[in-house]
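Following: one structure in structure tokens, then a few remarks.
Coordinate-derived values only; no laboratory data. Treat the numbers as computed from the prediction; the structure is a model and nothing was measured. Reconstructed Cβ throughout: ideal geometry from the backbone, glycine too, with neighbour counts over all protein chains shown.
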Amino acid sequence: MSHGPVEERARRMGAAGRETAVDEIREVRAARDELREALATVGVRLPSLGLDLVSLASPHLAPLVDLGRCRPDVARRLASVIRQAGTP
């Protein structure tokens, strides 16, 4: 029976680390969702935004948000929003 990355991460961490693994995964999912919502408010959608499966499967890496890929116009829109946010 194969396991998904979440189950595999918890299994590799052992019984004592399972709760930590679950908390880390919840945190990275929440961060992804927060970023998706914030980007949507400024009209930016990253279609590949997700969780990094390599980091989820590793007992040695912290789970990461994968920003993915986007079209050039989306990258320019994101750059514009970032520049505007940095302007006092």
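Observations on the model:
- Remark: the stretch 73-87, residue by residue, has Karplus-estimated 3J(HN,Hα) of 5, 5, 4, 5, 5, 4, 4, 4, 4, 5, 4, 5, 5, x, 8 Hz, where x stands for each Gly or Pro and the curve is 6.51 cos²θ - 1.76 cosθ + 1.60 at θ = phi - 60°.
- 20 Å cut-off, amide nitrogen to a point 7 angstrom out along GLN84 Cα→Cβ, residues in the stretch 45-60: 45-47
- Amide H contacts of ASP66 (H built 1.01 Å from N, in plane; Pro and chain starts excluded): GLY50, LEU51, ASP52 sit under 5 Å, all sequence-distant by 5 or more or on other chains.
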